[in-house]
Structures are given as C-alpha cells and as structure tokens.
Amino acid sequence: MSKYITTPIYYVNGEAHIGHAYTTFIADTMTRYEKLKGEDTYFLTGTDEHGQKIEESAQKNAKPTQEFADEISKTFRDLWDEFEIDYDQFIRTTDEDHKKGVQKAFEVMYAKGDIYKDFYEGHYCVSCETFFPETQLIDSQFCPDCGRATSIVKEESYFFKLSKYEDALLKHYAENPDFILPRSRANEVINFVKGGLRDLSVTRTSFTWGVKMPESLNDDKHVMYVWLDALLNYITALGYGTESEKMSYWPASTQFVGKDILRFHAIYWPAFLMSLDLPLPKTIGAHGWWTRDGEKMSKSKGNVISPKEVADAYGVENLRYFMLREVPFGQDGDFSQRAFIDRINSELSNDLGNLLNRIIGMSGKYSEYLIESTDVEKFHSKELDAMNEALGNLDAFMENLQTHRYLEELWKLFAIGNKAIEEHAPWVKMKEGKKEEALATVALVANILAKAAIMLHPVMPKTTNIIADALNFTIDSASYNELVVAKKLLKSFTIKVVPPLFPRVEEPLMAEAPLAEPNKPEKAVSENVEVVKEEDNLIEIGQFFETSLKVGTVLEAEEVPKSKKLLKLQVDLGDGRKRQVLAGIKEFYSAESLVNTQVCVVANLKPAKLMGMISEGMLLAAKDEDGLCLVRPEKPKKAGTPIG
Ligand code: MSP
C-alpha cells in the first residue's frame, strides 16, 4: 500500500518561521520512515497563494500580486531545498493544473446539487479568511480565532451544503478513531459538528485574486473561496481534474496540520471529499504551536524565529531532532535556546556521540578497529533483549505520530550501550586477559549504534549516514529489514574513525531579542513604554487609582522614520477620538501586526513630545531578558474599558 503524506500549503504573506519548519520536518520524517520500511511514498508540500490576505500583502509591498506570490513561494521552496526536505512535489495554488482541478471539483459538486447560489451577509475576518456567525464573535465584533476586528460583508455567494454532511461526518469520526490524531483533539471537532453545521460560502465577489469559476457556470463575478481552493490542492497535486495516474496515491495516509486549521481539515475537507465521492484521508495529524514567551509565533504578530537562522547556528538536523523530541505531538512548546542546547549536549553529544567515540577508541586500541559480532549473544543476551524490546516499541509511536515518545524510546538503546560499557568495563577485561569479552561489549555497542542509526535516520538523515558509514553499512530498507526486523547482527567490519558528530555547545549561538542590561534599573518610561517591575515602595490604593488605565484598540500604526525604537500608533480609547501614542516597541513588534489588536494604555498622562511628535499616552509592557511583550486584555474588551 502506498503512503501519501502532506503538509499544509503555506500562505505566501511572509517567509517561513520555525512553526512552518516544524510541520515540514514532521512530514519529512514520516515520509522517510515509511520509505525505510519499504513503502512507496509521495510527499506533498507547497504554497497557498490566493485570497484577500495575499492580495493585501502584495499591495502593502507595492508589488503585483503574482510577482509577490512568486517571490515568497520561492523562499519557501528554497528553504526546504536547503534543508533537504525530501518532497516529491511542491504545489502552488497558482499552478494552472491546480486551478483546472479546482474548477473541475466545483463542477462535480455543483452537478451533484451540493452547491447553490444565495446571498451572504456576515462578519468576515480577513486575516482568517472566514465568515463567523454573530453568536461566535467576541463582544459582537472580534474574531473568535485571532481576536481581530471583523467587518460586515454582504455579497452574493455560492454555498456548499455542509449541513448535509453532518451525520456522515459524525459517523466517520465514530467509526475511525484515528481519523484525528492526537485523539484528544477529536472531541472539539465532534462538538463543533454536533453544534450544527451551516452551509459554507465557497465563492467571493469582493476581490478577484482567486481561482475563477468554471466556464460552464458562466459567472465570472465570483472567484473561489480560498479554503475551497487550498484544500483541493491535496488531490489536484495528484492530477484530479487533469487526468493523472498519481491519483492512485489517494487517499492520503497522514495529513499534517496545525491545530488552528484542524477544523478546516477535519470538517470541510472530508465533506468536500464525500461530495466528490472520494475516500477520506486515514489520519489528520494536528500539532500544537511553537510559541515565543507563551504567544503563538506568527507572521502577523511579528514574533517569529527564522528557521534558517537557527539552522545556520545549530545545524538543521539538530533542529529537527530538537523540535520532534521537545514537544509531545499535539501540544504547544516554547522555543528556547537553553532547552535546545541542553538536548544537544546531553542527548546528542553525551548519549549518542560519545558512545560512538568510545567504541572507535576502544576498538582502535584492542583490535585495530576490527569489530566482530561473534560473541555478542554469549556475553550480552540481556542487553540484546532489552534493545530488541525498545526497537519493537518504536513503530507504534511513529504511526501514532508521537515523535517525542519515539525518540525517548530510541534513546533507551544508547542508555543500554552506555550502561554495558560501565558495567562490563572492557578496559578492565583487557587487563584481566579477557579480550573476547571486552571485544563482545564493543561489538554490542556497535550493533546498538547501527540499529539506532537506522531508526534515527528519518529524523537525522545525514548524521545517521555518517554513523552508518563508520559502521560500514548503508541505511536503506534492506538494512532495516535485516538489522531491525530480522534482528540480525552486523557482519565483521573495520570501523572508520570519524570526528565527533555533535560538538558541545557552551553558550547560545544566536542573539536573542535584545537583553536588558543586568542590574541597571530600567527607566520608568523608555521611549514611552512602561516596563512593569517590582517596586519596593508601597503605595495607597488611592495613589494607584490616580492613574487612569484603559483598554485601547490600535486603529493605525506606523514606524517613526529615523527612530530605531518608536512606532506611532493611533489608539481608540472609546471616547470618539484617536489618541496618538508613541511607543518604543519597534524592535519587538511590526507596525502591521498591531493594527486591530488591543493594548493597555495609561490614559491620563500629560502629553509629551518625542522626536517632535506629540504622544498622548503610554502602553503597558513587560520586559525581561527574553525581550518585551505588551500587556493586553486576555479577551477583547470594548475600547475605553477601565482597568483596575
Ligand atoms: N494556507 C493555510 C493552510 C491551507 S492547507 C490547505 C495556512 N497557512 S499558514 O501559513 O498560516 O500556516 C501553515 C501551517 O503552519 C499551519 O498548519 C499552521 O498551524 C502552522 N503554523 C503557523 N504558526 C505556527 C506556530 N507558531 N507553530 C506551529 N505551527 C504553526 O494556514
């Protein structure tokens, strides 16, 4: 049976960050794992290029939309190529074949009676490219997913009969418990469907940057809704609508997505497929978010970490290992250099790297680098059993997408190897004249390393090839079958001397967001951003209430030319006029990311002049050695709501 594995297609409104790299690494690892097992795999990734959001980003960058999409799409592709991501196809939703496939799918759904024309009036969030019913809005205005203000849009639209598929979807979830992984995520989807599905508006007339309607409908006022267009990429890539043999890869085995887009993939997507009479993917794997200071990393928030920067500093394979090991699949994880360095030093350098160095050293001294497995069973059957048990557990972890458990289990092998060396102390055995026994321990460890290298290969392909080369074998499905499945031991060979694979990292290799100077008190107002800090002086409550703190909504934001730190914001404090606030947060937030978000403002400050401009308030923010973040209401509140 073949395996078709996909990543989401990435929006081309900004370059990749480590959240995107994470999805791509997991999908790449899964593909390599299946290949190792001898499966015929097809791995798809690509870019999502239509919709209002992309059109607006291109306009902001003063570029024609297609040119802008070409540029950003290329940065994704170049990065995946640089990271040696083993994809079979990089699809772009602006590809002609994709557009044809989407039109074909639309025609099929229409002919089936699943698409009809009507009017839509609703609250639309441009950032999420989604309509929300009033009941789901926060404070009747803000998007429940991203918190930004929605706007009311009324337009003629084609609708997909999503409601028709409610029962079929619920039945599918009930009968296929692995349709959504981790299983813990399934409930939120099921509850959403049980809450009632409304038909889905699948075309737009308010913008033009999208796939055109099929000619047969003769209605060029409309373009396709970006999510219909985007989701269909998973089958248009295989030639749906343009005749291709690759369709035999459908249904997908695993489709990786972030938790924020699970609903689209676990509800809309299977409903579209049912309408097209196509089988559903086996599993939708929803991972959590990489956060920074607890906040989701995202292009629009401007708090992203560049995967290229991290990979340049620490090595892409170390990054793959770290990301897959650090966070249980499905949960969020904070990206910290400290945690990364700890794992490099203790797990990669100590547990794995040293083990290889030790047997290279010992075999050099005791047997001129010759390693033979002849006596391993005789002296180390206990260790071999423990090793085989751990190896036998791995497949279930990977198939359940639990990469952290997979790696944890794999690391048991190195613990077995290191313990065997300590317990059997080959150097003592050599002194006692028990050379056979000493060499058996060295050979045991060589076998452990060989088998572990095979199983680590999907995560760290290049590094494990170096290990395999040192141990005189090649990692492929033949060696997997022989050494892992059939549990055979290595034939005699001469080990190669290789330089240490994982040099220890003593201190962070990347500059973090600028650090506050230790022990130097922050000025209370640093370019108009209040830094929250502990105070020794106690005050009366009345003194606190002398300060008027209010929730503000940022209406506009722009950079102050020639200032490294300042952004100029126009803030709504609910009193019907715009307040101009100059805030020293440019190093931490892009102007664009602040618009339509909320802040906490000191509203009764005497106006001050900064760089010749009036500032009529101050934002609350917290700053520590990891950088600065704004203090914001946990949920959107009306502009002007008092804080206290
Ligand atoms: N274009 C849509 C997907 C369409 S798929 C038919 C989209 N694009 S995206 O670029 O915004 O996000 C792509 C993927 O990256 C999503 O799975 C999303 O969850 C993931 N991530 C975006 N930010 C992330 C983190 N901070 N951490 C982990 N993954 C994150 O959504």
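Couple of notes before you dig in:
- Residue within region 205-220 that is assigned to a loop (DSSP other than H, G, I, E, B), within 16 Å of the ligand (Cβ to nearest atom) and surrounded by fewer than 22 Cβ atoms within 10 Å (Cβ to Cβ) present: yes
- Output for region 456-481, where each listed residue is of a type in the set (A, V, I, L, M) and open to solvent by less than 30 Å² (accessible area, probe 1.4 Å): LEU456, VAL459, MET460, ILE467, ALA468, ALA470, LEU471, ILE475
- Any hit, region 399-406, residues being at pLDDT 95 or above, under 26 Å from ALA478 (Cα atoms) and among the aromatic types (Phe, Trp, Tyr): yes
- Residue check, GLU243 without any contact (Cβ under 8 Å) to a residue 60 or more places away in the chain, over 27 Å from the mean Cα position of the chain (by Cα) and at negative phi: no
- Hits in region 124-135 - residues which are surrounded by 13 or more Cβ atoms within 10 Å (Cβ to Cβ) and of a type outside the set (Val, Ile, Thr): TYR124, CYS125, SER127, CYS128, GLU129, PHE131, PHE132
- Once region 257-285 is narrowed to residues that are of a type in the set (Lys, Arg) and either crowded, with 20+ Cβ neighbours inside 10 Å or in a helix (DSSP H, G or I) (or both), the residue that is farthest from the ligand (Cβ to nearest atom) is ARG263.
- SER201 being away from the ligand (no atom under 16 Å from the Cβ), open to solvent by 10 Å² or more (accessible area, probe 1.4 Å) and polar (S, T, N, Q): no
- In region 301-322 there is no residue matching the filter, namely being of a type in the set (Ser, Thr, Tyr) and within 12 Å of the ligand (Cβ to nearest atom).
- Looking only at region 98-157, residues that are part of a loop (DSSP other than H, G, I, E, B) and out of contact with any Cys (no Cβ under 8 Å at 6 or more places or on another chain) come to 11 in all.
- Selection from region 1-25 of residues that are surrounded by fewer than 24 Cβ atoms within 10 Å (Cβ to Cβ), aliphatic (A, V, I, L, M) and part of a helix (DSSP H, G or I): ILE18
- Residue check, GLY288 within 15 Å of the ligand (Cβ to nearest atom) and at pLDDT 95 or above: yes
- Screening region 364-404 for residues that are closer than 25 Å to HIS424 by Cβ and of a type in the set (Asp, Glu) and picking the one that is surrounded by the fewest Cβ atoms within 10 Å (Cβ to Cβ) gives GLU368.
- Filter result (open to solvent by less than 70 Å² (accessible area, probe 1.4 Å) and either of a type in the set (D, E, K, R) or touching a strand residue (DSSP E or B) at 6+ places or on another chain (Cβ under 9 Å) (or both)) within region 606-622: ALA608, LEU610, MET613, SER615, GLU616, GLY617, MET618, LEU619, LEU620, ALA621, ALA622
- Restricting region 341-363 to residues that are of a type in the set (Gly, Ala, Ser) and open to solvent by 20 Å² or more (accessible area, probe 1.4 Å), the residue that is nearest to the chain's Cα centre (by Cα): SER346
The values are calculated or read from the model by the stated rules, or taken from the named source; none is laboratory data. Given the structure is predicted, the values throughout are model-derived calculations rather than measurements. Don't worry about glycine lacking a Cβ; one is built from the backbone with ideal geometry, like all the others, and counts go over all protein chains shown. Heads up: the accessible areas ignore ligands, DNA and RNA and are worked out on the full protein's heavy atoms, side chains in. Shrake-Rupley method; radii C 1.70, N 1.55, O 1.52, S 1.80 Å.
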